[in-house]
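First up is the structure itself, then whatever we jot down about it.
The values are calculated or read from the model by the stated rules, or taken from the named source; none is laboratory data. Just so you know, these numbers come straight off a predicted model, no measurement behind them. Glycine also receives a Cβ, built like all others from the backbone with ideal geometry; neighbour counts cover every protein chain displayed. Side chains included, ligands, DNA and RNA excluded: accessible areas come from the protein's heavy atoms. Shrake-Rupley method; radii C 1.70, N 1.55, O 1.52, S 1.80 Å.
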Amino acid sequence: MATEMSGTASDSVQCPVCSKDFTSDAINGHLDVCLLKSNADGGPPMKKFCSEVSPKIASGEHRDSVPSASSGVFSMFHGNKEKSSHQNDTSASCPNKQADGSAVNKGVKRSFPVQIQTAPRYSGPQNANDGQTLNATPNLSLRSLLTSNKPLAEILRPNTLEDYFGQSKVVGEQTLLRSLLDCQEIPSLILWGPPGCGKTTLAHIIASNSKKKGTARFVQLSATSASTADVREVIKQAQNELRLFKRRTILFIDEIHRFNKSQQDTFLPHVECGTVTLIGATTENPSFQVNAALLSRCRVLVLEKLSVEAMGSILGRAVAALGITVLEQDQANPEWPDHQADSNEPKVYIEQKALDTITYLCDGDARTGLNSLQLAVQAQVSLIRPGVTGPGGSTQEILVTEEHIKEGLQRSHILYDKAGEEHFNCVSALHKSMRGSHENAALYWLGRMLEGGEDPLYVARRLVRFASEDVGLADPFALPQAVSTFQACHFIGMPECEVILAQCVTYLSRAAKSIDVYMAYNNVKACLRNHKGPLPPVPLHLRNAPTRLMKQLGYAKGYKYNPAFSVPVEQQYLPEDLQGIDFFTWTPSEG
């Protein structure tokens with residue numbers, strides 16, 4: 001009898017919906033009834049946490065009142081022993097295992113690279129004076145924060161729109177997206193903007209708002225490491241979540257432009273039917289990098305480079321969270337904040353000029369700004385030995401200056417992608433500045449390109465083109481100047497050739513402009529493309545006659561050799577249908 005009871009206990013399986021125990025023979029029938037009852041009650045079962053479940057199970061309280069466990073992926077029937085160990089795991093995982101612990105899908109040879117984030121616990125109202133919300137444990141010391149293996153930009157990533165700075169045109173008050181966020185109607189989005197402008201942060205804020213309402217789960221993938229099989233697995237899980245728990249899935253794809261066209265096609269039917277809400281982040285122009293069919297199913301939000309004011313607000317939030325005192329230029333005797341007056345941590349001060357230096361040198365990249373602040377402060381804190389006090393037993397003091405910040409940044413952070421959107425933007429600005437004879441602007445855009453790492457020969461080739469397209473016959477020496485510039489850059493290379501490019505850019509900017517040749521040739525192309533029927537033949541007198549047969553056919557007959565005449569020669573050079581046309585003044589018809 002004891003043996004029979006032992007075997008029954010070991011075969012006991014816990015229902016993933018109501019958490020009751022059943023035998024292996026009875027679990028299938030019970031699950032059908034339990035799921036139907038759950039759907040009839042108007043929604044999915046509530047989540048439960050380990051701390052809430054374990055005491056009630058141990059005390060034998062009503063198990064129907066205990067919310068069911070929920071992980072990032074719907075896990076099939078777990079045994080009691082495995083269920084208990086799974087609940088002790090504080091992070092949401094993707095086990096997909098049976099009761100004996102063996103993997104359901106044995107064809108998978110590597111771990112599933114999906115990050116599923118649990119909803120953050122509400123820690124009460126924030127201080128109205130500083131408005132800071134830390135995505136980290138509030139009790140961490142300054143040294144612990146600065147020596148963490150996570151960058152400061154990740155530790156201080158905001159969870160609410162109130163702490164999200166610099167994108168008021170997109171998520172400000174009275175905007176369309178803000179209204180959709182408030183009513184939990186999140187459309188599929190493509191977030192396009194430069195690095196560090198807040199694309200990933202905005203996606204996390206959207207997910208956080210949705211998870212607080214319990215209406216969606218959040219799954220994050222990176223196109224740099226995920227495969228098509230990973231995407232299909234997430235979509236399969238999203239279908240199960242929607243069918244069983246009536247819960248939507250927000251799928252965030254970072255660097256979505258890294259997916260090729262066929263991989264992007266995987267999302268199409270599931271975004272169309274609403275199985276997943278897709279949020280893609282990209283630094284490249286989605287018109288060129290995102291499939292047109294997928295682009296039509298998403299709303300594109302253009303995030304701008306962060307302004308100096310926005311960067312100041314972000315850095316102010318960071319120093320307030322770290323408990324660092326900002327020294328104004330005229331502040332001689334600063335007072336340490338009360339919340340660290342009795343702390344064993346060293347007192348850290350930072351000059352306002354140092355913060356201003358970060359705001360101007362990080363080029364609107366919040367990630368660069370925060371991590372530069374962390375690097376500068378961390379370098380100074382590391383010089384202080386733990387447990388060592390100042391004179392008279394006082395707390396040691398650290399001052400972060402402007403020189404410390406510049407040492408960490410080394411030079412200005414210039415945003416320039418030689419193969420991306422910024423490349424074409426700067427080339428266009430250079431070309432239009434020279435066309436407008438604005439030599440200072442032309443030199444500025446030239447410097448932006450060269451200092452950003454552009455190939456000088458590419459710039460020289462563009463100058464050769466400009467010499468004919470925009471200067472043309474107004475200054476016949478412009479083309480030799482540009483060609484000589486290309487040859488000189490090829491000979492000596494960077495950085496010596498930069499002054500040669502600057503000379504040519506200045507010359508072309510000051511030169512007289514004429515687009516007569518450029519427009520005339522465009523008219524010739526339009527004439528050829530708009531011609532209906534066969535193209536007219538070359539007149540016989542303009543043809544060469546190297547053979548007797550060709551002479552007999554009339555080739556070269558009547559041609560007047562111009563050098564043999566002392567006066568201008570009158571003869572036809574255009575086909576009969578085009579006699580009298582002037583391509584320099586002719587306007588092609590639209591038909």
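The residue that is modelled with the lowest pLDDT, counting only those in segment 176-215 that are part of a loop (DSSP other than H, G, I, E, B), open to solvent by 20 Å² or more (accessible area, probe 1.4 Å) and over 14 Å from Val276 (Cα atoms), is Gly214. Could you tell me whether Arg548 is open to solvent by 90 Å² or more (accessible area, probe 1.4 Å), farther than 19 Å from Pro456 by Cβ and modelled with pLDDT of 95 or more? Spelling it out, it is not the case that Arg548 is open to solvent by 90 Å² or more (accessible area, probe 1.4 Å), farther than 19 Å from Pro456 by Cβ and modelled with pLDDT of 95 or more. Just to be sure, is Ser514 in a loop (DSSP other than H, G, I, E, B), surrounded by 13 or more Cβ atoms within 10 Å (Cβ to Cβ) and of a type in the set (Gly, Ala, Ser)? Considered against the rule, which asks whether it is in a loop (DSSP other than H, G, I, E, B), surrounded by 13 or more Cβ atoms within 10 Å (Cβ to Cβ) and of a type in the set (Gly, Ala, Ser), Ser514 comes out as yes.
So that you can scan it fast, the table gives a plain yes or no per residue for (1) at pLDDT 90 or above; (2) on the phi > 0 side of the Ramachandran plot; (3) in a helix (DSSP H, G or I):
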| residue | (1), (2), (3) |
| --- | --- |
| Asp363 | no, yes, no |
| Thr368 | no, no, yes |
| Arg411 | no, no, no |
| Leu430 | yes, no, yes |
| Ser433 | yes, no, yes |
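If a residue must be within 13 Å of Ala223 (Cβ to Cβ), touching a residue at least 24 places away in the same chain (Cβ under 8 Å) and not in a helix (DSSP H, G or I), how many such residues does segment 249-290 contain? Of the residues in segment 249-290, 16 are within 13 Å of Ala223 (Cβ to Cβ), touching a residue at least 24 places away in the same chain (Cβ under 8 Å) and not in a helix (DSSP H, G or I). Scan segment 221-241 for residues that are without any contact (Cβ under 8 Å) to a residue 60 or more places away in the chain and open to solvent by 60 Å² or more (accessible area, probe 1.4 Å) and the total you get is 5. Of everything listed in (1) on the phi > 0 side of the Ramachandran plot; (2) crowded, with 21+ Cβ neighbours inside 10 Å, the single unmet condition for Cys489 is (1).
Taking the numbered list (1) at pLDDT 90 or above; (2) open to solvent by 50 Å² or more (accessible area, probe 1.4 Å) in turn, Asp330 passes all entries but (1).
Conditions (1) assigned by the TED database to the domain that holds Gly193; (2) open to solvent by 20 Å² or more (accessible area, probe 1.4 Å); (3) under 30 Å from His257 (Cα atoms), marked per residue:
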| site | (1), (2), (3) |
| --- | --- |
| Ser428 | no, yes, yes |
| Val464 | no, yes, no |
| Pro480 | no, yes, no |
| Thr485 | no, no, no |
| Gln503 | no, yes, no |
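Quick check on my filter: what residues within segment 282-305 are among the aliphatic types (A, V, I, L, M) and either open to solvent by less than 10 Å² (accessible area, probe 1.4 Å) or closer than 15 Å to Ile253 by Cβ (or both)? Within segment 282-305, Val290, Leu294, Leu295, Val300, Leu301, Leu303 qualify. Checked against (1) surrounded by 11 or more Cβ atoms within 10 Å (Cβ to Cβ); (2) among the aliphatic types (A, V, I, L, M); (3) in a helix (DSSP H, G or I), Leu528 passes all but condition (1). Provide a single number: the residues in segment 144-175 that are hydroxyl-bearing (Ser, Thr, Tyr) and open to solvent by 60 Å² or more (accessible area, probe 1.4 Å). Residues that pass the stated criteria total 2.
Looking at Ala310, Ala321, can you tell me which residue is out of contact with any strand residue (DSSP E or B) (no Cβ under 9 Å at 6 or more places or on another chain) and over 17 Å from Cys197 (Cβ atoms)?
Working: Ala310 fails: over 17 Å from Cys197 (Cβ atoms).
From the options Ala310, Ala321, the qualifying one is Ala321.
Within segment 1-30, residues that are of a type in the set (Phe, Trp, Tyr) have Cβ atoms under 6 Å from residues that are in a helix (DSSP H, G or I) and at pLDDT 70 or above in these pairs: Phe22/His30, counting only partners at least 6 apart in sequence or on another chain.
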